[in-house]
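Below is one structure; the comments refer to it alone.
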Amino acid sequence: MDQQVTLKGKRFMAKFNFFEKLKSGLAKTREVLTTDIDDLILGKKEINQTLYDELEELLITADMGPQFTYDLLDEVKSRVSRKELKDASQIKSIMQKRMLDILRSVDRPLVIAKGKPFVIMAVGVNGSGKTTTIGKLAHQFRQTGHDVMLAAGDTFRAAAIEQLEVWGKRVGAPVIKQKMNADPAAVAFDAMGKMKAGFSGVMIIDTAGRLHTRTNLMEELKKVKRVIDREYPGAPHEILLVLDATTGQNALAQAKMFKEDIGATGIVLTKLDGTSKGGVVVRIAGELGLPVRYIGVGEGIDDLRAFDSTEFTSALLD
């Protein structure tokens, strides 16, 4: 069999398998957004205030957020008043289109040219899956032909340094580190030294995520960012914010904080499997406009994938 055909077949199967995993992971959210809404509108011909109230409650439960909910209900009411909507069953298709329009606006994959230096600063609070995400990203980049180096900038958590070293060995990426409790900016300085010495691959810098106080954390991250830019002007090229989807509204609050204070440029949403709050993706997209670069739906090394708005919407509503 032709090797190219075989590779295409493998890629198709990998994509299909991930879609099934995504669909399975979003089951709890889908139950709210499809099963419960189907139950709500099934056989109902009359669109009245009671229907609006129940629909509003369902959308808020799925963490779609007040803005999306208000806009959707406003559109439904407007169409009803213009006599364009006569059957409650049409509400779902309006919701799907509105959701897709919002998600398409943030559907911007991270594109990294091969053989050119690219610095990613990974940020996020402890427990979001940041270090694991860095390992999975390193694996993906290595699989697509990039050289990768990791920097253990979370120097306050011993496990973070060790965890990054384990990932480094696993995927074949050297790890830059210092002793525990060292200044994270010093690790960033060493990492940029490697870039200046001629490393032309992807450098991913881990950072601390201790929310002991917002001010302390943000000042620490700003210092790391300043050192990166001073030592290698124009970097970091991407400030990737890792968020835990299971935290729902809290994930949105974190996204706002990291966007305003650090200038986060993209989002990775982890732990989508097993949460009923998957609608927070729509909320983050609609309210912040930050690109969703990747989503994670499991513990496996290949369970982190580039975000695809059409695929996500289909997994959620079809």
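The values are calculated or read from the model by the stated rules, or taken from the named source; none is laboratory data. Just so it is clear, the structure is predicted and the values come from calculations on it, not from any experiment. Positions of Cβ are backbone-derived with ideal geometry, glycine not excepted, and every protein chain shown enters the neighbour counts.
Things to note:
- Complete set of residues in segment 276-318 that are buried (at least 23 other Cβ atoms within 10 Å of the Cβ), part of a loop (DSSP other than H, G, I, E, B) and not hydrophobic (A, V, I, L, M, F, W, C): LYS277, GLY278, GLY279
- Cβ pairs under 8 Å, 6+ apart, first in segment 46-60 and without any contact (Cβ under 8 Å) to a residue 12 or more places away in the chain, second polar (S, T, N, Q): ILE60/THR69
- Evaluation of GLN67 against (1) in a helix (DSSP H, G or I); (2) in contact with a Leu (Cβ under 9 Å, 6 or more places away or on another chain); (3) at pLDDT 80 or above (one fails), failing number: (2)
- Check on THR207, surrounded by 15 or more Cβ atoms within 10 Å (Cβ to Cβ), farther than 15 Å from PRO117 by Cβ and modelled with pLDDT under 90: no
- Test: residue in segment 111-131 that is surrounded by 15 or more Cβ atoms within 10 Å (Cβ to Cβ), modelled with pLDDT of 85 or more and in a helix (DSSP H, G or I): yes
- Residue check, THR275 closer than 23 Å to ASP303 by Cα and either at pLDDT 95 or above or more than 13 Å from the chain's Cα centre (by Cα) (or both): yes
- Residue check for GLU84: over 23 Å from GLY286 (Cβ atoms), in a loop (DSSP other than H, G, I, E, B), without any contact (Cβ under 8 Å) to a residue 40 or more places away in the chain and of a type in the set (Asp, Glu): yes
- Of residues in segment 164-194 being crowded, with 19+ Cβ neighbours inside 10 Å and not hydrophobic (A, V, I, L, M, F, W, C), the one nearest to ASP303 (Cα to Cα): GLY168
- The lone exception for LEU103 - which of (1) in contact with a helix residue (DSSP H, G or I) (Cβ under 6 Å, 6 or more places away or on another chain); (2) under 16 Å from LEU55 (Cα atoms) it fails: (2)
- Scanning segment 259-308 for residues that are polar (S, T, N, Q) and touching a strand residue (DSSP E or B) at 6+ places or on another chain (Cβ under 8 Å) gives THR265, THR270.
- Test: residue in segment 262-273 that is in contact with a Gly (Cβ under 8 Å, 6 or more places away or on another chain), surrounded by fewer than 24 Cβ atoms within 10 Å (Cβ to Cβ) and in contact (Cβ under 8 Å) with a residue 12 or more places away in the chain: yes
- Remark: pairs (first residue in segment 275-288, more than 13 Å from LEU100 (Cβ to Cβ); second residue surrounded by 24 or more Cβ atoms within 10 Å (Cβ to Cβ) and among the charged types (D, E, K, R); Cβ separation under 6 Å; 6+ apart in sequence or on different chains) = LYS277/ASP63; GLY279/ASP63; VAL280/ASP63.
- Qualifying residue in segment 226-237 (condition: more than 30 Å from THR29 (Cβ to Cβ), modelled with pLDDT of 95 or more and among the acidic types (Asp, Glu)): yes
- Selection from segment 219-247 of residues that are buried (at least 20 other Cβ atoms within 10 Å of the Cβ) and part of a loop (DSSP other than H, G, I, E, B): TYR232, ALA235, PRO236
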